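Accompanying notes for the structure given below.
The values are calculated or read from the model by the stated rules, or taken from the named source; none is laboratory data. This is a predicted model, so every value here is computed, not measured. Cβ sites come from the backbone with ideal geometry, for glycine too, and all protein chains shown count toward neighbours. The area values use the complete protein model at the heavy-atom level, side chains included, leaving out ligands, DNA and RNA. Shrake-Rupley method; radii C 1.70, N 1.55, O 1.52, S 1.80 Å.
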Amino acid sequence: MELPGGVVVWAITRHDTLQQLLADPRVGKNPRNWTTFTEGRLPEGWPLLNFVTVPGMVTADGEEHRRLRGLVTQAFTPRRIAELQPAVEARTEALLDGLAALEGDFDLREHFAYPLPMQVIGALLGLPPKQQDDLHELSDTLVSSSATPQAAVAAQRGLFALLASVVAAKRAEPGDDLTTDLIAARAADDRLTEEELVGTLLLMLVAGHETTLNLITNAVRALLAHPEQLRLVLDGEQPWSAVVEETLRFDSPVGQFPLRYAIEDIEVGDVLIRRGEALLASYASAGRDERHHENADAFDITRHGSRHLSLGHGPHFCLGAGLARLEAETALRGLFGRFPALAAADGPAPEPIGSFISNSVRTLKVRVG
Ligand code: HEM
């Protein structure tokens with residue numbers, strides 16, 4: 001398929017093929033294996049360039065990937081995630097108090113689905129609350145492939161500058177947060193370059209909130225459109241986790257994720273992917289693959305046995321999967337517990353966000369009933 005800017009890649013849209021290639025050692029994420037990149041054939045200001053070149057675990061393979069990912073994994077162990085539960089619940093309750101005070105219809109995405117994951121990842125990374133909205137705006141531009149090349153480049157510079165200022169502040173005054181831990185890892189034995197340090201923060205910030213924001217939005221939207229399924233959960237017949245897993249499959253928060261590269265020639269059925277060509281993981285398509293998920297276009301929280309790939313698979317499996325699940329379940333349980341009659345506001349259907357990567361709607365107007 002053709003990406004923005006006329007760049008041609010293989011879109012991997014079938015569940016089984018995607019699962020196989022995500023774990024295939026002949027497929028890497030370091031762009032030095034991509035001929036279009038190494039031969040300088042990318043168009044000037046290509047909007048997805050940041051995703052291909054950001055220094056950090058998402059563009060690294062093998063030992064380098066293990067080193068970069070290893071520096072942050074201890075913050076995401078099941079025990080550390082479980083320890084975050086009271087804080088996630090408290091933030092959820094505070095946001096729900098805010099919703100109760102709003103009058104008339106309001107945008108659930110703006111007032112609930114966004115601030116919860118942003119506050120959680122902000123606290124984990126030690127980002128000053130005052131800068132969180134600025135960081136979100138820049139990060140939105142970064143993942144929005146409809147931004148102009150100039151805006152995308154400016155957003156990336158802005159994010160790097162803001163995060164570099166956070167690093168400087170934490171160097172002067174260390175805190176109890178992941179940024180301080182990463183600075184210590186860099187200082188201890190030079191395991192991390194300054195660029196990798198800021199690149200890792202950027203990745204954690206963007207991956208840590210844009211995705212969960214979409215998951216919460218997409219789940220609420222699906223439940224409001226399927227009240228009979230919401231009833232199953234409110235009556236205790238299905239757990240909130242079933243809503244989260246089905247939303248991940250049905251409306252994958254990460255629609256597609258760029259890019260991977262064939263390190264050798266790879267035969268996939270009767271297709272030959274040549275060494276140096278690029279592959280795009282199409283998570284949203286894989287979630288609707290009829291060959292793998294029966295009645296794939298139906299939102300059905302009672303389905304069993306067809307696992308999704310929407311949190312990735314293989315060595316780059318989502319590092320924040322446990323946190324994302326905790327946040328989404330807590331958010332949904334809290335929201336519908338407080339407002340069981342929540343309903344979509346009257347008006348036109350919400351518009352999709354203009355992004356090649358992020359899959360959700362721009363706004364989700366609701367009323368509390
Ligand atoms: C609903 C929420 C989320 C979804 C759907 C999601 C999805 C994904 C997917 C599909 C990948 C694999 C990308 C690829 O290589 O193709 C990934 C990787 C990653 N995710 Fe998530 N993610 C979510 C939440 C989070 C959160 C909350 C964090 C951090 C706090 C996070 C951090 C990461 C990181 C660091 C990676 C890169 C791992 C690596 O390259 O080794 N994600 N995520």
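Filter the range 278-312 down to the residues that are in contact (Cβ under 8 Å) with a residue 60 or more places away in the chain and charged (D, E, K, R), then identify the one that is least open to solvent (accessible area, probe 1.4 Å). If we take residues in the range 278-312 being in contact (Cβ under 8 Å) with a residue 60 or more places away in the chain and charged (D, E, K, R), then ASP289 is least open to solvent (accessible area, probe 1.4 Å).
Return the residues of the range 170-215 that are of a type in the set (Ser, Thr, Tyr), at pLDDT 90 or above and either open to solvent by less than 10 Å² (accessible area, probe 1.4 Å) or farther than 29 Å from SER310 by Cα (or both); say none if nothing qualifies.
Filtering the range 170-215 down to residues of a type in the set (Ser, Thr, Tyr) leaves 179-180, 193, 200, 211-212.
Subsequent filtering for residues that are at pLDDT 90 or above retains 179-180, 200, 211-212.
Once the filter is applied, which keeps residues that are of a type in the set (Ser, Thr, Tyr), at pLDDT 90 or above and either open to solvent by less than 10 Å² (accessible area, probe 1.4 Å) or farther than 29 Å from SER310 by Cα (or both), the range 170-215 yields THR179, THR180, THR200, THR212.
The residue that is farthest from THR180 (Cα to Cα), counting only those in the range 110-125 that are touching a Pro at 6+ places or on another chain (Cβ under 9 Å) and open to solvent by 10 Å² or more (accessible area, probe 1.4 Å), is GLN119. For the range 1-107, the helices (runs of 4 or more DSSP H) that sit wholly inside it and include 3 or more residues that are open to solvent by 60 Å² or more (accessible area, probe 1.4 Å) and either away from the ligand (no atom under 14 Å from the Cβ) or under 30 Å from THR193 (Cβ atoms) (or both) are 62-73, 78-101.
Criterion first (over 30 Å from LEU342 (Cα atoms) and over 19 Å from the mean Cα position of the chain (by Cα)) does VAL167 satisfy it? When the stated conditions are applied, VAL167 passes them. Of all residues in the range 316-334, those that are within 6 Å of the ligand (Cβ to nearest atom) have Cβ atoms under 8 Å from Cβ atoms of residues that are open to solvent by 40 Å² or more (accessible area, probe 1.4 Å) and of a type in the set (Gly, Ala, Ser), 6 or more apart or on another chain, in CYS318/ALA207; LEU319/ALA207; GLY320/ALA207. Among the residues of this structure, VAL143 counts as one that is under 18 Å from THR200 (Cα atoms), touching an Asp or Glu at 6+ places or on another chain (Cβ under 8 Å), crowded, with 20+ Cβ neighbours inside 10 Å and not polar (S, T, N, Q).
On the given criteria, is VAL233 in contact (Cβ under 8 Å) with a residue 60 or more places away in the chain, more than 11 Å from the ligand (Cβ to nearest atom), buried (at least 16 other Cβ atoms within 10 Å of the Cβ) and among the hydrophobic types (A, V, I, L, M, F, W, C)? Against the criterion (in contact (Cβ under 8 Å) with a residue 60 or more places away in the chain, more than 11 Å from the ligand (Cβ to nearest atom), buried (at least 16 other Cβ atoms within 10 Å of the Cβ) and among the hydrophobic types (A, V, I, L, M, F, W, C)), VAL233 qualifies.
Screening the range 250-369 for strands (runs of 3 or more DSSP E) wholly inside it with 1 or more residues that are closer than 30 Å to GLN74 by Cβ and modelled with pLDDT of 95 or more returns the ranges 257-262, 278-281.
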